[in-house]
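Down below is the structure, laid out as structure tokens.
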Amino acid sequence: MNEVLMDLALQVTRDGEGAQKLVKIDVTGAVSAKSAKKIAMCVANSPLVKTAIAGEDANWGRIVMAVGKAASQRTATSSRSASAACGWRKKAA
């Protein structure tokens, strides 16, 4: 069932208006699933990474920068400011 749902989700994503590329971000070696999600979201929401992908420019420095930004969240004084730094916010309860 999960395979079918994943396939349908990918089809919807690929058919999106203006969608030219589909990128899957796998994070390995993170200390927790929550940390891995933060890193993935920072990479996915980074304008520099998006530009590199759209321009087919293999600039790994942009991805490393986005991962570093996620890591810097651990030292941020407020989780709100850290979340905003990577362009995502927690869903309202």
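The values are calculated or read from the model by the stated rules, or taken from the named source; none is laboratory data. Since the structure is predicted, the reported quantities are computational estimates derived from the model, not experimental observations. Cβ sites come from the backbone with ideal geometry, for glycine too, and all protein chains shown count toward neighbours.
Summed over region 1-48, the residues that are within 13 Å of the chain's Cα centre (by Cα) and either at positive phi or β-branched (Val, Ile, Thr) (or both) give a count of 5. Number of residues in region 23-60 that are surrounded by 10 or more Cβ atoms within 10 Å (Cβ to Cβ), under 17 Å from residue 72 (Cα atoms), of a type in the set (A, V, I, L, M, F, W, C) and without any contact (Cβ under 8 Å) to a residue 24 or more places away in the chain equals 5.
Going through (1) part of a helix (DSSP H, G or I); (2) loosely packed, with under 13 Cβ neighbours inside 10 Å; (3) among the hydroxyl-bearing types (Ser, Thr, Tyr); (4) modelled with pLDDT of 85 or more one by one, residue 81 falls short only on (4).
Just checking, does region 15-25 include any residue being farther than 16 Å from residue 68 by Cα and part of a helix (DSSP H, G or I)? Working first, answer last.
Taking region 15-25 and keeping what is farther than 16 Å from residue 68 by Cα, we get 15-24.
Still in the running and part of a helix (DSSP H, G or I): none.
Within region 15-25, not a single residue is farther than 16 Å from residue 68 by Cα and part of a helix (DSSP H, G or I).
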